[in-house]
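Only one structure is covered here, and it is reproduced in the block below.
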Amino acid sequence: MPSIIGREFVVFGLFLIVVVLAAACGGGDGNVCVTDAFNFTIRKITPDGTVSTIACLAGIPGSADGNGSDARFYYPHDVATDSAGNVYVLDSYQTVRKVTPAGEVTTLAGSADRRGSADGMGAQARFNNPLRLATDSAGNVYVADWGNDTIRRIDPTGSVRTVVGVVGRKGFTPGTLPGVLMSPGGVAVRDRTLYVTFYNGVAVVTNLP
């Protein structure tokens, strides 16, 4: 049965929050992708230290999909990757964006500058100040939706579902899902176990549905 089983010391949570600000990218060749928030770009750093821009143009914000420099971001603030080399980006316009290895940028979920808590397919879904994201081996993206006090899951088709927490309820309630969270600030996933950092600890969610 899926459940939240406990809470741990906050230092572990701080570690999770820090490491997800950059992610390996490029299919295991040692490249690292980072969000350059104040330049509104996504950057790649190779093992020899070479830095390149893989999406957007520096200093030009927006929310447009497109290839490479034609795309636009608005203060991107977290990044994660999958085994296929896709890069997932949290955009401050309340969206989750996807950058393919070819540099094609699309909006995976959410609608630019429209807040809310609705589950649904792609642009029908709504987020409220999502802070962090992580991916699993099946291609799902997990989002710490800080303003909604929930964890959202986006499957590879773009369908969004709330998997932990209840919108409008703050605190910490362990046990059978959905449970209750307060301002989740970080998320990590391994196999069917989810780790969520929040105001004073880490919740561990086992046997994800």
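The values are calculated or read from the model by the stated rules, or taken from the named source; none is laboratory data. Note that the structure is a prediction, hence the values are computed from the model and not measured. Backbone-built Cβ (ideal geometry, glycine too); neighbour counts: all protein chains shown. Only protein heavy atoms, including side chains, enter the accessible area calculation; ligands, DNA and RNA are left aside. Shrake-Rupley method; radii C 1.70, N 1.55, O 1.52, S 1.80 Å.
Candidates 158, 143, 129 compared by Cα position along the dipole of the stretch 82-159: farthest toward the positive end lies 129, with charges placed on Cβ.
Residue-wise HN-Hα couplings along the stretch 34-50, as the Karplus relation 6.51 cos²θ - 1.76 cosθ + 1.60 with θ = phi - 60° gives them from phi, are 9, 8, 9, 4, 7, 9, 6, 10, 10, 10, 10, 10, 7, x, 8, x, 6 Hz; Gly and Pro carry x.
Relative to the dominant Cα principal axis of the chain, helix 10-19 is inclined by about 20°. Note that the stretch 137-150 has calculated 3J(HN,Hα) couplings of 5, 8, x, 7, 10, 9, 10, 7, 8, 4, x, 9, 6, 9 Hz, one per residue in order, obtained from phi through the Karplus relation 6.51 cos²θ - 1.76 cosθ + 1.60 (θ = phi - 60°); glycine and proline are x. Applied to the stretch 104-111, the Karplus parametrisation 6.51 cos²θ - 1.76 cosθ + 1.60 on θ = phi - 60° returns per-residue 3J(HN,Hα) values of 7, 9, 10, 8, 6, 7, x, 10 Hz, with x for Gly and Pro.
For residue 157 and residue 124, the difference between the fully extended length at 0.36 nm per residue and the C-alpha to C-alpha distance is 10.6 nm. Give the distance, in whole Å, between the Cα centre of the stretch 61-109 and the Cα centre of the stretch 140-159. Spelled out, the Cα-based centre of one part sits 15 Å from the other. Let's test this: bin the Cα-Cα distances of the stretch 55-209 at 10 Å from zero up to the farthest pair and state each bin's percent. Going from the shortest bin to the longest, the percentages are 12, 44, 33, 10, 1. Remark on residue 54: its backbone amide H falls under 5 Å from those of 42, 43, 44, a criterion applied only to residues 5 or more positions apart or on other chains, H modelled at 1.01 Å from N. About the centre of its Cα atoms, the chain shows a dipole size close to 560 debye [charges on the beta carbon of Lys, Arg (+1) and Asp, Glu (-1) only; nearest 20 debye]. What FRET efficiency comes out for residue 48 versus residue 199 if R0 is 35 angstrom and r is the Cβ-Cβ distance? Round to the nearest 0.05. In this case the efficiency is close to 0.30.
Toward the positive end of the charge dipole of the chain, with +1 on the Cβ of Lys and Arg and -1 on the Cβ of Asp and Glu, the farthest Cα among 199, 109, 83 is that of 199. Around the amide H of residue 116, modelled in the peptide plane, lie the amide H atoms of 127, 128, all under 5 Å away and 5 or more residues distant in sequence or on another chain. Ranking 186, 172, 120 by Cα position along the charge dipole of the chain, where only Lys, Arg, Asp and Glu carry charges on their C-beta atoms, puts 172 farthest toward the positive end. Rounded to the nearest 20, the Cβ-based charge dipole of the stretch 57-127 about its Cα centre (Lys and Arg +1, Asp and Glu -1) stands at 180 debye. Taking amide H positions as modeled 1.01 Å from N, with prolines and chain starts lacking one, no residue 5 or more places away or on another chain lies under 5 Å from residue 140.
Dividing the mean sequence gap of close Cα pairs (under 8 Å, 6+ apart) by how many residues the stretch 24-140 holds gives a relative contact order of 18 percent.
Under the criterion of Cα pairs below 8 Å and six or more residues apart, the relative contact order for the chain equals 19 percent.
Solvent-accessible surface of the chain, averaged per residue with a 1.4 angstrom probe and all protein chains in place: 44 square angstrom.
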